[in-house]
Amino acid sequence: MVWASTSSVGFGIKGKWVVAFYCDNKATPADQTATFANIGSTCMKAGINECLNDLALEAHNKKRMIHATKPLKFDDEIARTLQRQMDQEESFTGALPAGAADANCMTNTFEQTDATKVTELVTSNAATDAWYDGMGEFNFATGEPIAPRVEERKKMYEDFTRMMWKKTTKVGFGIRDKWVIARYCDEPIVKAPTTSAAAWADFVTI
């Protein structure tokens, strides 16, 4: 759709289907990979990936709206610091450098394990969707993750909790290779309730 070498287009529709035909010079798979990489690089301004931050902020706030939770505000300093920390390591494996933690903030980390989708991280909501899906991994009646795979599911609902935490107001996002990290700031989780859905009411609206 955004391929620079195409100059003409036509559309067709039948039933629930719409098809677009783009003509002139088509993109090869290698060209497409290079284009996505270029989109990612052109998004970088003043140490911040603006495309990622704009898209992720919008996606986060749509999810928070579902749960009657105030929208987060983008903070450029949070995003810039996070991106700088992610770029410090020669080879990034998802862990931020020692001393990178902020007592007033908390982070979610997403790894795109599908190699064919890494180039789409800047232009997709894969990280936001994965963190939000953690809501379904917790049994609020028992206060425990759903068995089996308890530890894996515990991490997933903790991701959801950090994303939806009512007392955080600011956020910034960073990206490196196959990793996306969100940093939520203001009042982080000190001790989350684990007894029932009712006990979560002051912190997260389910």
Requested in this report: May I ask you to list the residues in the stretch 42-60 that are open to solvent by less than 80 Å² (accessible area, probe 1.4 Å) and either touching a Gly at 6+ places or on another chain (Cβ under 6 Å) or among the acidic types (Asp, Glu) (or both)?
Outcome: Glu50
Query raised in the report: Filtering the stretch 128-165 down to residues that are in contact with a Ser or Thr (Cβ under 9 Å, 6 or more places away or on another chain) and surrounded by fewer than 16 Cβ atoms within 10 Å (Cβ to Cβ), which residue is modelled with the highest pLDDT?
Result: Glu144
Report summary line: Here the qualifying pairs (Cβ atoms under 6 Å; residues six or more apart or on different chains; first in the stretch 155-169 and over 13 Å from Glu187 (Cα atoms); second open to solvent by less than 50 Å² (accessible area, probe 1.4 Å) and of a type in the set (D, E, K, R)) come out as Met156/Glu137; Tyr157/Glu137
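Considering only residues that are of a type in the set (D, E, K, R) and crowded, with 24+ Cβ neighbours inside 10 Å, which ones fall in the stretch 166-187?
Just the residues of the stretch 166-187 that are of a type in the set (D, E, K, R), to begin with: 166-167, 170, 176-178, 183, 186-187.
Passing the criteria: only Arg183.
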Query raised in the report: Residues in the stretch 101-123 that are more than 11 Å from Asp177 (Cα to Cα) and touching a Leu at 6+ places or on another chain (Cβ under 8 Å): how many?
Result: 2
Query - Selection within the stretch 61-115 - surrounded by 12 or more Cβ atoms within 10 Å (Cβ to Cβ), of a type in the set (Ser, Thr, Tyr) and outside any strand (DSSP E or B) - result: Thr69, Thr81
Query raised in the report: All but one of (1) under 16 Å from the mean Cα position of the chain (by Cα); (2) at pLDDT 90 or above hold for Thr69; which doesn't?
Result: (1)
Report task. Can you give me the number of residues within the stretch 42-60 that are part of a helix (DSSP H, G or I) and within 17 Å of Asp177 (Cβ to Cβ)? Result -> 3
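The values are calculated or read from the model by the stated rules, or taken from the named source; none is laboratory data. This structure is a prediction, so every number in the text was calculated from the model and none was measured. Reconstructed Cβ throughout: ideal geometry from the backbone, glycine too, with neighbour counts over all protein chains shown. These accessible areas exclude ligands, DNA and RNA; they are computed on the full protein's heavy atoms, side chains included. Shrake-Rupley method; radii C 1.70, N 1.55, O 1.52, S 1.80 Å.
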